Amino acid sequence: MERILLMRAFLIALGAVVALSASPLAQAPAGKTLDVYFVDVEGGHATLYVSPSGESMLVDAGYAGFDGRDAGRIAAVAALAGVRQIDYLVVTHFHGDHIGGVPELAARLPIRNFVDHGDSSESDERRRAVFNTYVQERSKGTHIVAKAGDQIPIAGLDVRVLSSGAGLISVPLEGGGIPNPLCASFTPVEDETSEDAYSVGTLVTYGEFRLVNLGDLSWNQEYGLVCPTNRVGTVDVLLASQHGDDEASSPTFVHALRPRVAITNNGVKEGAIQPTIQTVRASPGIEDLWQLHFSMLGDQQNGPEEFIANLGDVDTGHWLKVSAQADGSFTVTNGRTGDTRSYQGGR
Ligand SMILES: [Zn+2]
Ligand SMILES: [Zn+2]
């Protein structure tokens, strides 16, 4: 009797292990999508992921102030997506354009789990004050310190931490471990000492679909993810690091990931600058580059208006949305025009 019970317990445990290790593709309900909204926070960062299971993950929450502008925009997008609470808030790093909006957002939407790299690496008084305000809010929920290689348990998705607290994944992911001939031509820059280098970067996988978002991770750290071998593999969508500034997005990194679509969460005069745009446009397999804003840092780098969510320098707050199927196909919608462009599966 005892032996039968033990055997039954073993089989139940085995079943649980099998269920936990089932691929996201196997779990994916037919026709359901992963929806990712790139919220316009005027050159800051806020990306809302809505899993096919309905669970939500917000990466960063834009700026404080401006009459609650950024928190209001995130809350409006959440309402549009049917999201009533933020299940996981991933804070990439503790700069004001990424965490400033957290308290104002928490006043509008419950935030359950706060995922970040721990403590601010910066002692500057003003930045410390921004961090301390965030910590007050963090203390009201569950705090999770992310380490490279961790998974964030969003039902229906595989969310992998690639970088955190200046640490990087050391073991290739499934689909990674690819030789990267571009490592030889990489030119390192002086090591970034700000919070940017500590960014919590994630790879979100839904079936065959893969999206990388590294926050403000910098040039040398990105290199560390793809050299001496590319441990990440290729992706469908890449959110250009550091808003599309040229302190990230080396050809060695971008061209190794071979994104089909790249997005810049730039502002009118923040990010999306010419060297990055050139690197993205020269990337093998790139189909389109989408921008949250028309860049006024020089207009030669801007793409056609249909690929830009916000034109001019008026705060219009239009988003971009990626909607992905488990077979790897996806669409990108421009919130300004409502127009949608389709991309077939298969990298
Ligand atoms: Zn930053
Ligand atoms: Zn930033």
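The values are calculated or read from the model by the stated rules, or taken from the named source; none is laboratory data. All figures in this text were calculated on a predicted structure; none of them were measured in a lab. With ideal geometry, Cβ positions are generated from the backbone for all residues, glycine too; neighbour counts draw on all protein chains shown.
Out of everything in segment 227-267 that is more than 14 Å from ligand 1 (Cβ to nearest atom) and assigned to a helix (DSSP H, G or I), what residue ends up being surrounded by the fewest Cβ atoms within 10 Å (Cβ to Cβ)?
The qualifying residue surrounded by the fewest Cβ atoms within 10 Å (Cβ to Cβ) is 251.
Give the residue that is nearest to residue 150 (Cα to Cα), with candidates limited to residues of segment 160-171 that are assigned to a loop (DSSP other than H, G, I, E, B) and within 19 Å of the chain's Cα centre (by Cα).
Residue satisfying both the conditions and the ranking: 169.
Among the numbered criteria (1) under 18 Å from residue 33 (Cα atoms); (2) part of a strand (DSSP E or B), which single criterion is violated by residue 309?
(1)
Matching residues to (1) of a type outside the set (Lys, Arg); (2) in contact with a Leu (Cβ under 8 Å, 6 or more places away or on another chain); (3) away from ligand 2 (no atom under 12 Å from the Cβ):
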position	(1), (2), (3)
223	yes, no, yes
226	yes, yes, yes
247	yes, no, no
254	yes, yes, yes
262	yes, yes, yes
268	yes, no, yes
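What's the total number of residues in segment 175-226 that are at negative phi and either of a type in the set (Ser, Thr, Tyr) or assigned to a loop (DSSP other than H, G, I, E, B) (or both)?
Residues in segment 175-226 being at negative phi and either of a type in the set (Ser, Thr, Tyr) or assigned to a loop (DSSP other than H, G, I, E, B) (or both): 24 in total.
Can you tell me how many residues within segment 286-301 are under 20 Å from residue 333 (Cα atoms) and not β-branched (Val, Ile, Thr)?
Total meeting the criteria: 9.
Could you tell me which residue of segment 190-212 is farthest from ligand 1 (Cβ to nearest atom), considering only residues that are of a type in the set (S, T, N, Q) and over 15 Å from residue 234 (Cα atoms)?
Out of the qualifying residues, it is 193.
Which of (1) acidic (Asp, Glu); (2) within 16 Å of ligand 1 (Cβ to nearest atom); (3) modelled with pLDDT under 95 does residue 216 not meet, given it meets every other one?
Of everything listed in (1) acidic (Asp, Glu); (2) within 16 Å of ligand 1 (Cβ to nearest atom); (3) modelled with pLDDT under 95, residue 216 misses just condition (3).
Considering each of 144, 111 in turn, give the residue that is more than 16 Å from ligand 2 (Cβ to nearest atom), within 22 Å of residue 39 (Cα to Cα) and in contact with a strand residue (DSSP E or B) (Cβ under 6 Å, 6 or more places away or on another chain).
When all the criteria are applied, what remains is 111.
On the given criteria, is residue 161 of a type in the set (A, V, I, L, M), under 23 Å from residue 287 (Cβ atoms) and more than 16 Å from ligand 2 (Cβ to nearest atom)?
no
Taking residue 129 as meeting all but one of (1) hydrophobic (A, V, I, L, M, F, W, C); (2) within 22 Å of residue 62 (Cβ to Cβ); (3) in contact (Cβ under 8 Å) with a residue 12 or more places away in the chain, write down the number of the exception.
(3)
Any residue that is surrounded by 23 or more Cβ atoms within 10 Å (Cβ to Cβ), more than 16 Å from ligand 2 (Cβ to nearest atom) and more than 18 Å from residue 203 (Cβ to Cβ) - is there at least one of those in segment 114-136?
yes
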